[in-house]
Each structure stands twice: as C-alpha cells, then as structure tokens.
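Q: Structure below; questions to follow.
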Number of protein chains: 4
Amino acid sequence: MIVILKKNPEEKQLQNLMAWLKSLNITIHPSEGETHKVLGLVGDTSVVDIDLLRALDIVEDVKRVQEPYKNANRKFHEQDTVIPVGQTTVGGGSFSVIAGPCSIESEEQVCLIATAVKACGATMLRGGAFKPRTSPYAFQGLRDRGLTLLLEAKKLTGLPVVTEIMDLSQLSLFDEVDVIQVGARNMQNFELLKELGHTGKPILIKRGLANTLQELLMSAEYVMAGGNDRVILCERGIRTFETATRNTLDLSAVPMLKRMSHLPVIVDPSHATGLSWMVKPMALAATAAGADGLMIEVHNDPKRALCDGAQSITPEAFRDVMRGVNAILPHAYRPEKEAHA
Amino acid sequence: MIVILKKNPEEKQLQNLMAWLKSLNITIHPSEGETHKVLGLVGDTSVVDIDLLRALDIVEDVKRVQEPYKNANRKFHEQDTVIPVGQTTVGGGSFSVIAGPCSIESEEQVCLIATAVKACGATMLRGGAFKPRTSPYAFQGLRDRGLTLLLEAKKLTGLPVVTEIMDLSQLSLFDEVDVIQVGARNMQNFELLKELGHTGKPILIKRGLANTLQELLMSAEYVMAGGNDRVILCERGIRTFETATRNTLDLSAVPMLKRMSHLPVIVDPSHATGLSWMVKPMALAATAAGADGLMIEVHNDPKRALCDGAQSITPEAFRDVMRGVNAILPHAYRPEKEAHA
Amino acid sequence: MIVILKKNPEEKQLQNLMAWLKSLNITIHPSEGETHKVLGLVGDTSVVDIDLLRALDIVEDVKRVQEPYKNANRKFHEQDTVIPVGQTTVGGGSFSVIAGPCSIESEEQVCLIATAVKACGATMLRGGAFKPRTSPYAFQGLRDRGLTLLLEAKKLTGLPVVTEIMDLSQLSLFDEVDVIQVGARNMQNFELLKELGHTGKPILIKRGLANTLQELLMSAEYVMAGGNDRVILCERGIRTFETATRNTLDLSAVPMLKRMSHLPVIVDPSHATGLSWMVKPMALAATAAGADGLMIEVHNDPKRALCDGAQSITPEAFRDVMRGVNAILPHAYRPEKEAHA
Amino acid sequence: MIVILKKNPEEKQLQNLMAWLKSLNITIHPSEGETHKVLGLVGDTSVVDIDLLRALDIVEDVKRVQEPYKNANRKFHEQDTVIPVGQTTVGGGSFSVIAGPCSIESEEQVCLIATAVKACGATMLRGGAFKPRTSPYAFQGLRDRGLTLLLEAKKLTGLPVVTEIMDLSQLSLFDEVDVIQVGARNMQNFELLKELGHTGKPILIKRGLANTLQELLMSAEYVMAGGNDRVILCERGIRTFETATRNTLDLSAVPMLKRMSHLPVIVDPSHATGLSWMVKPMALAATAAGADGLMIEVHNDPKRALCDGAQSITPEAFRDVMRGVNAILPHAYRPEKEAHA
C-alpha cells in the first residue's frame, strides 16, 4: 500500500500517523519526491482502513498495490482451475453448456426439456426451484417440490444439475444438486457465500447487476476462503442506461476475468438480453470471446412458461444455437495460444 | 395493462393471443386507432408475463397502468404511516435521528457514544453487530456479542436500537432490537424480506446501490404482503460514475418516495458520501428536502474505528450537525403544506 | 400516442385537455377500461410534449406507439442500406475494416501504417487530425496539417480515409475525406449533425458514452432529415461501473441496432477496452455477433504513440486479428439467414 | 506520478522504460518496497500517457499525484472566485437566482416572465434561443430572433441575461449576452470551450449527463487555459437508473466542487427532475447544501410552453420557491464557517 502525503504535512500529524501504522505492525518505507513525500507500507495491510487513511488531513491519496483477492487470483495460481461436475468438467479447455427451463413447472416439463437439450449437446441441466422475483405477487417457484422434480430429470438423463439457492435454510435440500447457483441479487449475500465455502460443492456465482469484476472475484474469495476452490463465474448482463435489452451483456468480462483469475467463466445470454431472438448472436459472440461455457434457458412452450418466457428458446432453436456455437468454437479466442499471454 | 399491437397483425396469431389471455381470466377491451389496434386488459393482470407479451410477434409494446406495489402505495393509503418505536415515533411529522457507531467494538465504546448522541438529540441508537464487508479478510463485526453490547447501551440510555440483520438464521437474536435493518446489499434478498414480514417489528430497508425507487417499494411490499406494515425506507446513496464521493446521495428520492408511498423516508449521509466532512451539508440538504429523519455514524475516535472510520463524525461534530438541522427544520419542504398536494 | 388517465378525472380538466389536443389537430379515440379511461391520439403527435402530458394532474401515463426515428427505422426501409465508399461498400453483407493510427504524427508514420494495414486486408484508413482530449494540456492533433498527411497516405495506398470532425468551422477541409466521423462526445452536437446532413458524404457516428441506442438513431435521424442517407453507426463502448476496462463494449447493440435500423453497424474494440491485448477477443466477438465491420487502432510503435498508445496494436498483431476475424466471418450471426427474421 | 512495478521486472524492459522516461525529461526517484519497486516521476508528467504506462508488461499500476486541473483548482487559488455580471456578482457569498422560460417564444412572453421573476427576486434572466433537442422534428428555438427578444427583455428589466450557445458560428450574436451557457451535451465540445476561453465573458458550464466532477473541472480548465477565468459551474442532474425523475440531481456535487475548486456552483432543479412540483424541494435542498445560486425555469403558461413545459413553474410558484429559499439561506452550509475548512 502506498500513501501519498500532502505537501508539507504537519510534523505532529505525521508522527501520529506513523505511530498508528506501526501499532498495526506495518513497516513504513518513506521516500521523498520533489513535491510529495510518499510512504510505502509493507506487512499485512489488510488491517488498514484505506478509506480512513485517505480521509486524514495530511494524506493526499492512498493506492493499493496488490489485488484484494488472493485465492481467486491468477498471479498465485497460473493454471486454469478445472472443476469436475458429474462425468464432465468445467474450465481448462472444456466447453460447458448448461440448458433448461427458467422455472421447473412439472415433472413432464422438466424431463421433456432435459431429454431435448441433452440430445442437442448440453452438458448440464438447469432449472429453478426457488425463484427470486421482484414482486411478492409473482410465481415464486415450486420450491422443495421443484428440486425433487429436477432430480428426477437428472436420474432420467444422467445430466448433472445446476439450481439456485436463495437462503441458507434451504441448503440441506441441495445434497444431490451438482452445482449450487448464487443469483445476481445474492452475489453479496456474504453469510450465504461463507457457508457455501464449507460445502465442497461447485458454486456458480452470477455477477450482480451493478457489480465490478473485482467485486465478483471478492465474492468468489468468500467461498474460497472457506476452503472450497470450486467456483464458476458467470457473466449475465449488467444494468446500464440501455432499455432496448433488459441488461447489457459485458463480453469484455470474459477475457478480463480469465486474465485476473484462474476460475472458469461462463456466459448467460438469456438473462442478459431478456429476448429469445438475441440468445443466438450473443451465444456466438460469447463463444468467440473465449468463454468456458454458456447457460441458456430452453422451454418447450415459451409462451406458457411461468417466468421469463420472453427469453426462453425452444429446443429447436437451441439445436440451431449449438450448431452455430460448435462452428465458432475452433476459432474462438484462447489466451494460452497468444504470444503475449 | 395495455397491449399495443403491430400494424395488421396476423389474424391467427391474434386469435391465439386472445384465447391465451382469456384462459388467464383476463377481460379484453379492444380499441381501434388509425394505425394500431390496442387491447385493454382488465382483471388480475399480475398473472401475465409482461416481458413475454412484449416479445410476441404481433405485439408492438405493452404498458402497465397500475404500479406493481399495493400496500406501499399512497394511492390506496393517503395518510402518512406513523411507526411507534419505543417512546418515539417515525413518520407523520416526527423527525427521527438515528446515530451511533458503524461497528460495535466494546461496551465502553458503544455506551460512551450512545450517551453522547442522546445528549445531542438523537432519538435512536444505531450500531452494527453483523457487518457486510466486501472482503472476507476484513473485520466482520462482533456478531452475537455485539448485539449484547448494543442492548446494554439501550438499557443505559433508554434509546431504541437499530441494527442490521444479514441472514435469517440470526433472527432469533433480534428479540429486543427495536428496528431491524436490511442493508443495501440485501434489499432484494426476498427470502429474508418475506420472513421479516411475519415479525411485527419495524423494518428499515436501505435502497440498493443500483436500485430504482420502484424496486425499493417492491421490497417494502414483500414485507408488507406478510402482514407487517411497519416499514421505514432509507436513501443511502446510489452507484454512479462519480468517484469523488463513495456513492451519490439521491435527495430527489425523498419527495418522490413520499409522493409514491405513505411510508417514512430517512436519509443516511454517512454511507452515501463516505466522507465525514460531507455529513453536515448533506444532512442539511436532506432535511430541507423533507426527509423524515437522518441516520448518522458517530464515533468517539474515528481514526481507530474498526470500519468506515472515514465517514464517522465525532460527538462534537454531531452536535454541530444537529444544531444546523434544527435550524433548517422549520423551513423544510412539507408536501402537505403545498397547494398541489 | 396513448394517454392513460387517472381514475375519475375531473370533468373540467378533461375537457381542457381534449380542447388543447384538438387545437393541435390531434384526433382523439377515447376508450373505457374498467378502472382507467384511455385516449388514443392520432395525427402528427410530434407536436405534443410527452413530458408535459405526463405531468398533467389527470394523466396517469403516456405511451408513445411509434419510434421517434423515421428515416433510420427499418420498419420503413426493410433492405440494408449499402454505402459506397471509394471502391468499397459498407453494409449489406460487406465486412469493412477501418484501421490506422489514433493520431496522425508524421507523413512517414501514417504512410507506413497505411501500407501495412492495407497489406493485412484493411478496407479503409483511419487517422485523427483533430483530437478531442479531456485535458487542454494534452496533444490536440496536427489539425490541418494532419489532414494533409492523411490524404497523402490515401494517395499512396488508394485506401478511402475516415477522420473526425470536431467543429463545423473545419468542414471545408474535409472535401477529399471519404467518411466524416462524429466522435462519441459530439454525438448530440445537433448543429454539427444538421450541417452534415447537407454534405452528401458518408457520416460515421459513434455512440455517446452514456447514450441509448434510440438516442444514437435520433442522431442519425438528424443527419438523414437533412437529406443525407449515408450514415454508419459505430458502437465504441459505454460508460459503466466497471473499471478494469476503460469502457464496456456493448455487443448486444449490434444485433439490436440492425433490427431497429437498416444502417450499417461497425464496432471499435480499441476505444471500448483501452487495452491492446483485448482488441483481438473483442474483434472476434463483434464479428460473431454480426457486425458489418471493425474500426481498429494500429500503430507501428505503440509505446511512442502520441495518444492512446495503450490501446493500439502493432501491424503484426493486426495481421493476427484479421486472420481470426476471417475464420469467424463465415459462421457469424446473420439475421437474414434466421427463420424469424 | 508514481509507477508501481510488477514483482521482479525484467531488467532489459526496466532499462527501456527508464530511458524512455528520461527522453521525456522526467526525473525518476526509484524506491524499493519489500515486494514491489516504485518509481516516483518528477517533472512535466503531462507528456506521459498514463494509460500507456499502465499497459506496459512490467508495470503493475500508475498513480497520478496531482489533479489534472490547475487554473480551476482551489489548491492554487484559495479564495472564492467572484464574477461580476451586470450590476450583480456570482460567487463569494452572493446568492444568484437565474430564472426565465426554457424557450423564448415571443416578445410578450419573455417580457412578461422577465418582469415577474424580477419582482420575485431573480438576479438574472434565462431564456433559450438555440435549443438542443434530441429529435430533429422538435421545436429548435427561435434562434437569432429569440436572442433579439431576450435582449429586449434585458432592456426592459435591467436583468443580465444567460443563454445557451450551441455552435461557434453563433458566437458573433452573443455580444450583448451577459453569460454564455454551455449545455450539458456540449460540456466536452472542446473546440467550443477553447474559443470561449478567448471571449472574456462569463461562461456557465453545465455538467454532462454522465460526467464526473473532475471532467467538469477539466472543461472549465479548457476555458481558463485560454485566459478567461469567469467560469460558473452548474449541476443539473446526471443520468442514473432511476426513471421516476428525468435525471438525478447530485447535490453532493455542491460541497465537493466548492472544495475542489474556487469557482461558483449553481444548481438547476428544473432540468434535473423534469417535474415542476419537485423544483421547490430540490431548490431548498440545494440552498441548504451551500449552492451559490439556482437556475429555474419559469413560464406564465407551462401547459402551452413550446418545450419542457412539464418542468416549468408559474411565476406564483416561483414566488413561493423564493420565499422558501430565503428562509433556508441564513442556515445554509458555508464551508468557510466550518472549523475544518
């Protein structure tokens, strides 16, 4: 951490600052510029409140030298993390396709869709049992029963399943779930993240609607700090001023996250755009940008879907998307093939 | 709900749409413009997926006529809600001042600050026991023990206390807490909101960093739909591109929320700006704009505060803020005094 | 335009509203819902101030039925616009690659880069003579002399040239320029847009940093309303909360703009990301999403570039990007090949 | 400027960096931390491309020590700037109220409003002759003739006038205008700003809809670098995700700008909110926050105003706002009265 002092700091205040820092076991390396004195802080600077330092009378600015995430940082873990999920793996060169309905509605529905997406090449099945809805009057998911139906579809197809947890109290129901999803609105539900760090299960964390990539990695760090390294990052669109699409899919997040971190990065074009006809172009673009996989909503009858029908595609359309993705895949960006990487 | 059809919709598709809407028990009032046919939908339109309607081939656009919040809506509840908290009340003309440390650090600290803010005119005591921190390596609060200390300070001063819940599993510890706070990052933790709707306790909901006022009211609606009408709304700054302040305090939220809803609205200038010297001007401005109260961080030794020291003010500075607020208060905006209200 | 009235509007006010609308030559089609009366307005509603209508006491909301852009609207012009530029064309199936230095620095520099990018397959040459810089103390471009040097490079290579105009007073210098660029910060410089509508030259308009797609199309409309149909739209990244990249490239803008409008859409990955190593993945993704072309900064010595060196790539890297783009191109999204289009 | 190097930088690259910096006449003060080497750069660092430095292989990060604005910086000019405008002054303790119609429509209209606002205490008259409208089909202002009518109202009332310039070519018409306004959409029209720096006239610069305070000050710097110190800053709302108000008025900008700069800061609550009923609460709040003045749209017949009628208030409502503002004014925040200032 680097502290840039104001010009001619008052000596008394400077002594106080130095004493305070030393009391925190920080070693100080002062250096003199022509106009500004600079203090280099060495030691466990995580105990220093950077905002407070910045607010001191004699301090001009403070600069963090190291990223605040450690376990998720590629600097300390060069190789891609590869996460086994059922018979498949996520990350490290695999391309994962998670498909299925937004909400689980009936055994017939989820099994029909599961069979269809498996036939098109999906590697995992998604389906919502607990649904975060902005209105208390909207359909809230089949909850426990939804989970049971999803596991039926898993048994039928052999596809590993991904589904969202909304509260810690639901955790005991997730024993046979293969990947636990943390939704965008829970990305900074720190108590939930901490507890998931003790599960040993793969955790798929969706980026919050107004969160930075560093904040997403800090949420991954919460899980990893508990001892669970199996984190999958998911870009699903951020809030911007644009209203033509529901959110704005940030595809530059894909190569940037893969440079910042060793964790796999997948992209959800369905939630990002909120429009079924945009799933294909954005799936192709995400693939080209080097994503480790896709998460796509598929519904046999989007018009009657109980939630998010507008963004679901039919199994036929999904087959077409998969054809397109497979054509792009051999030509996609791969940082490890780049000279500068 | 109003559905605007595209020019010359295909007859077959139109019949399908009408049949589908009727199957949902919606009555349809068609009307013919010169260029576009319009369908007025009457009935319980909450079962209709507005995004899906919008995505249909023959639909140009869909427009909601009624706000999606009911219990929180001033249209159905003209009078200001007044919430009793201990010996004091929030809303309906009272001016509430909630003050105290960001984090509870020790019995001595919280009691000292509680006594000081009470002497300056605070009506409630705040203090964090469970702390949401973006880094898993940062101080996470004293947790259970912090709550105990806060209740000591309540006993000492008689001030009602406000403190944040981070997870449902903590709820049993909040029995003697007067107001339960839902933090900005949990504003859309719907499972938590639902459960708080069954508590009967006043719930203070902070606006999320990138949430609209309607979304804030929908979160209030979650609590109210469970039967708990005692909701206090809190503006605490939103995320914008500005970096000179930590967040951007949206003071137009104050008169707007009070027009949209009958619930009390308070303002937190400490978190919004992240800078102790800005607490005063923003507290004055919030008061002038017609807020029902303020929430301010006060610490006896901001430089040693375990979190958010940069934005805490000393008891002396708090006394000065209170003097300023009291001078503005008689001249503040009051919608009920306006001719147009 | 549709006006939704509040419940039980005061009769006197309603009469006033109807009289006012009629005085504007608007025909009114009232229709009665169960709870709300709705007025359909027919005629030239562009004379009605929609915000004012919305603010009237008896009005609940107002909804525009038609997009406010006409000339740029695909609904009134189904076929892709194809714009001839020198020996090449933009739009309608061509893939345009505009490459060159951020700033023109010397005849040697611009000619060397022009020759190199032509050899790699660029179809147009870009180069800045007038540079919009946020600081008055930063290099402002070679201005008139820069334009002269750019035209030398055009003569040498035969490549059509694209360069930015910053003020109407510079227009007379642009006679031999093939495409006039309007920068992101001038996207709503309406006087400039109006005048460019009288030039007959292709105009490349960059999306403003916080502007919606509809606003971009309204700026195109300004040019087209003057009689100049040759408008090229350019997505170059928008401002979001993310700081890891300079801006956030919005690739969903590509298929969405092409659905809203018949104008060609190109993508500038250099300015969007501000990082040379991200040009390739974002160029590939933009191609996959169906862009009509790319705009890329190339510099022989990025480290010594007078501006934006950090985002420029070398001619060698550009050759590599072109190879990647050409591999993706046959598999890119093409709306005209889709069943639903 | 401080350059933080990556761990164990390659020696060859480090030598190249040092050589390059020296060739730019920068003196380098290296200092060694435990993990990272740091270079302090001294000299005219404005010639160094900070983004380029940041992108070098061996560089971890770069930190600017000094603000990029000089003339506008309070550090180099402690006293408030006071700008004479006609018989009145702006800044330094005066409270300026600029009122008048959004658009000038007729001599009768502008004279009637001018007389009314003067009677209520306005110190300057505003009125738009050249109007920036997002649609080319909307009313574009009376232009030259509008200016003539505005000057008639000036003659009649003696009020100095403020009006917007949209293009340099209009400058010759502004001879008798007292304050030239640069609109939000032209805040980064650098050619215009440069030229206004040579006029000697007070320039009122409105903050762009998605611009930071530092960017606003850089625009002021453009004018001041040309020798014109008479710059007035105006906060008029920024774009956020909130849709209940047209923009979000950022009142924390008031104390923050006054700390960063010595220039006067006024607030426009009319454009910020877009709603006439919100002008009063926001005017009161802006006053309390320490603004140097207000800019308010007043129209005798808002319902018939040719533009922005929804946000205009009547002369009667303006009188009421002024009463409220005058009551708040003695209690408003004044940094010079604060101990810490």
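The values are calculated or read from the model by the stated rules, or taken from the named source; none is laboratory data. All of these numbers come straight from a predicted model, not from anything done at the bench. Cβ sites come from the backbone with ideal geometry, for glycine too, and all protein chains shown count toward neighbours. What goes into the accessible areas is simple: the full protein's heavy atoms, side chains included, and nothing from ligands, DNA or RNA. Shrake-Rupley method; radii C 1.70, N 1.55, O 1.52, S 1.80 Å.
Q: For the range A:189-199, give me the residue count where each residue is away from chain B (no Cβ under 14 Å) and among the hydrophobic types (A, V, I, L, M, F, W, C).
A: Residues that pass the stated criteria total 0.
Q: Restricting to the range C:300-317, give me the number of residues that are over 23 Å from the mean Cα position of the chain (by Cα) and assigned to a helix (DSSP H, G or I).
A: Going through the range C:300-317 one residue at a time, the tally reaches 8.
Q: Being open to solvent by 10 Å² or more (accessible area, probe 1.4 Å) and either closer than 16 Å to C:Asn326 by Cβ or not aromatic (Phe, Trp, Tyr) (or both) is the filter here, so list the residues in the range C:275-296 that pass it.
A: C:Leu275, C:Ser276, C:Lys280
Q: Considering C:Ala291, C:Ala272, which residue is out of contact with any His (no Cβ under 6 Å at 6 or more places or on another chain), part of a loop (DSSP other than H, G, I, E, B) and either under 23 Å from A:Pro255 (Cα atoms) or facing chain A (nearest Cβ under 9 Å) (or both)?
A: After applying the criteria, what remains is C:Ala291.
Q: Going through D:Leu21, D:Leu14, D:Leu39 one at a time, which residue ends up being outside any strand (DSSP E or B), modelled with pLDDT of 85 or more and either on the phi > 0 side of the Ramachandran plot or within 37 Å of the chain's Cα centre (by Cα) (or both)?
A: Unique residue meeting the criteria: D:Leu21.
Q: Being under 17 Å from C:Val90 (Cβ atoms) and of a type in the set (S, T, N, Q) is the filter here; which residues of the range C:156-182 pass it?
A: Listed by number, the residues that qualify are C:Thr163, C:Gln181.
Q: Out of all the residues in the range C:241-258, which are facing another protein chain (nearest Cβ under 8 Å) and open to solvent by less than 20 Å² (accessible area, probe 1.4 Å)?
A: Within the range C:241-258, C:Glu242, C:Thr245, C:Thr248, C:Leu249, C:Asp250, C:Leu251, C:Ser252, C:Ala253, C:Val254, C:Pro255, C:Met256 qualify.
Q: Cβ contacts < 6 Å: first residue within 13 Å of chain A (Cβ to nearest Cβ) and on the phi < 0 side of the Ramachandran plot, restricted to the range B:200-216; second residue among the β-branched types (Val, Ile, Thr) and in a strand (DSSP E or B), any location; separation 6+ or different chain. Result?
A: B:Leu209/B:Ile238
Q: From (1) more than 20 Å from D:Gln170 (Cα to Cα); (2) surrounded by fewer than 19 Cβ atoms within 10 Å (Cβ to Cβ), pick out the condition that doesn't hold for C:Lys194.
A: The one condition C:Lys194 does not meet is (1).
Q: I would also like to ask the following. Taking into account only those residues within the range D:34-57 that are more than 12 Å from chain C (Cβ to nearest Cβ) and in contact (Cβ under 8 Å) with a residue 24 or more places away in the chain, which is farthest from D:Leu5 (Cα to Cα)?
A: Checking each candidate, the answer is D:Leu41.
Q: For C:Arg230, all conditions in the list (1) open to solvent by 10 Å² or more (accessible area, probe 1.4 Å); (2) within 13 Å of chain D (Cβ to nearest Cβ) hold save one; what is the number of the exception?
A: (2)
Q: Counting just the residues of the range B:325-341 that are open to solvent by 10 Å² or more (accessible area, probe 1.4 Å) and in a helix (DSSP H, G or I), which one comes out farthest from the other protein chains (Cβ to nearest Cβ)?
A: For the range B:325-341, the residue satisfying everything is B:Glu336.
Q: Please count how many residues of the range B:217-240 are touching a residue at least 12 places away in the same chain (Cβ under 8 Å) and in a loop (DSSP other than H, G, I, E, B).
A: So the count comes out to 8.
Q: Does the range D:119-147 hold any residues that are more than 26 Å from D:Ile266 (Cα to Cα) and either part of a strand (DSSP E or B) or within 13 Å of chain C (Cβ to nearest Cβ) (or both), and which are they?
A: Scanning the range D:119-147 gives D:Ser135, D:Pro136, D:Tyr137, D:Ala138, D:Phe139.
Q: Restricting to the range C:241-266, give me the number of residues that are in contact (Cβ under 8 Å) with a residue 60 or more places away in the chain, part of a loop (DSSP other than H, G, I, E, B) and under 21 Å from C:Pro281 (Cβ atoms).
A: Residues flagged as in contact (Cβ under 8 Å) with a residue 60 or more places away in the chain, part of a loop (DSSP other than H, G, I, E, B) and under 21 Å from C:Pro281 (Cβ atoms) within the range C:241-266 amount to 1.
Q: Next question. With the requirement that a residue be part of a strand (DSSP E or B) and open to solvent by 60 Å² or more (accessible area, probe 1.4 Å), what does the range B:70-113 give you?
A: The one that is part of a strand (DSSP E or B) and open to solvent by 60 Å² or more (accessible area, probe 1.4 Å): B:Pro84.
Q: A:Ser312: within 14 Å of chain B (Cβ to nearest Cβ), modelled with pLDDT of 95 or more and crowded, with 18+ Cβ neighbours inside 10 Å, yes or no?
A: Considered against the rule, which asks whether it is within 14 Å of chain B (Cβ to nearest Cβ), modelled with pLDDT of 95 or more and crowded, with 18+ Cβ neighbours inside 10 Å, A:Ser312 comes out as no.
Q: Looking for something free of Cβ contacts under 8 Å to residues at least 24 places away in the same chain and of a type outside the set (Asp, Glu) - is there at least one such residue anywhere in the range C:158-181?
A: Yes, the conditions are met somewhere in the range C:158-181.
Q: Additional query: Residue check, C:Asn8 against (1) in contact with a strand residue (DSSP E or B) (Cβ under 7 Å, 6 or more places away or on another chain); (2) more than 9 Å from every other protein chain (Cβ to nearest Cβ); (3) within 26 Å of B:Thr27 (Cβ to Cβ), all met but one. Which one?
A: Condition (1) is where C:Asn8 drops out.
Q: Between residues in the range D:60-87 that are more than 9 Å from every other protein chain (Cβ to nearest Cβ) and modelled with pLDDT under 90 and residues that are open to solvent by 40 Å² or more (accessible area, probe 1.4 Å) and not in a loop (DSSP other than H, G, I, E, B), which pairs lie under 8 Å by C-beta distance while being six or more apart or on different chains?
A: Here the result reads D:Val62/D:Arg54; D:Glu67/D:Lys75; D:Glu67/D:Gln214, each pair linking the range D:60-87 to a residue that is open to solvent by 40 Å² or more (accessible area, probe 1.4 Å) and not in a loop (DSSP other than H, G, I, E, B).
Q: Within the range D:164-188, how many residues are within 21 Å of B:Glu242 (Cβ to Cβ) and either within 10 Å of chain C (Cβ to nearest Cβ) or not in a strand (DSSP E or B) (or both)?
A: Going through the range D:164-188 one residue at a time, the tally reaches 6.
Q: Another one. Can you tell me which residue among B:Ala116, B:Ala129 is farther than 18 Å from B:Gly86 by Cα, buried (at least 22 other Cβ atoms within 10 Å of the Cβ), among the aliphatic types (A, V, I, L, M) and touching a residue at least 12 places away in the same chain (Cβ under 8 Å)?
A: One residue alone meets the criteria, B:Ala129.
Q: Kindly indicate whether B:Thr148 is among the polar types (S, T, N, Q) and over 30 Å from B:Arg323 (Cα atoms).
A: In short, yes.
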